[in-house]
Amino acid sequence: MNQDNKISAVYPGSFDPVTNGHVYIAERAASIFDELTVSILYNEHKSATFSVQERIEMAREALKHLKNVKIDCFEGLLVDYMKHVGSRVIIRGLRAMSDFEYEFQIALMNRQLAPELETFFIVTDPKYSYVSSSGVREVFHFGGTVQGLVPDCVFKKLSERFNIKN
Ligand code: ADP
């Protein structure tokens, strides 16, 4: 809870780029929590297809219909960022059991580092259960269609980046 008695949550991730699966999770989280910050992790050791600025712009456009959502970015430990923004709730999305193992480990590590934080898992819509940013990039790159899997602004950006029209 922040000073206005509002419960805020943070949805962290790479969002390289944001997909309709991410949008779905953000929509559900935004309908439960008063404020949601979608925060893009900047990791200089992990190569990304889109710069943080590009990822921010795409997320901003894709989520502009959600009035209680803002977009931010961070580097370093998520627990430090959570303290910095004054939120106790971490949102993560689950697609399959394979996500669960990975997410469970991260959630426990974060609890070890900051016991006051809580990780909330939101289950995806089955139609997005196979959608990932890396899958979208790869399919697009090799000429497959990703329409319906990503927001329009991401589709446009992918076309520019890979210089193809699928
Ligand atoms: P990270 O590198 O932190 O996993 P991602 O952008 O890949 O960043 O994912 C951020 C979060 O969104 C993760 O919790 C991931 O499981 C979730 N997520 C990714 N794609 C989907 C999807 N299609 N449906 C639901 N959740 C998803």
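Before moving on, here are some points about what is shown:
- Check on I90, within 10 Å of the ligand (Cβ to nearest atom), touching a helix residue (DSSP H, G or I) at 6+ places or on another chain (Cβ under 9 Å) and in contact (Cβ under 8 Å) with a residue 40 or more places away in the chain: yes
- Test result for V10, within 12 Å of the ligand (Cβ to nearest atom), among the aliphatic types (A, V, I, L, M), modelled with pLDDT of 95 or more and within 27 Å of H141 (Cβ to Cβ): no
The values are calculated or read from the model by the stated rules, or taken from the named source; none is laboratory data. It should be emphasised that the depicted structure is a prediction, and the values quoted were computed from it without experimental measurement. Neighbour counts run over all protein chains shown; Cβ positions are idealised from the backbone, glycine included.
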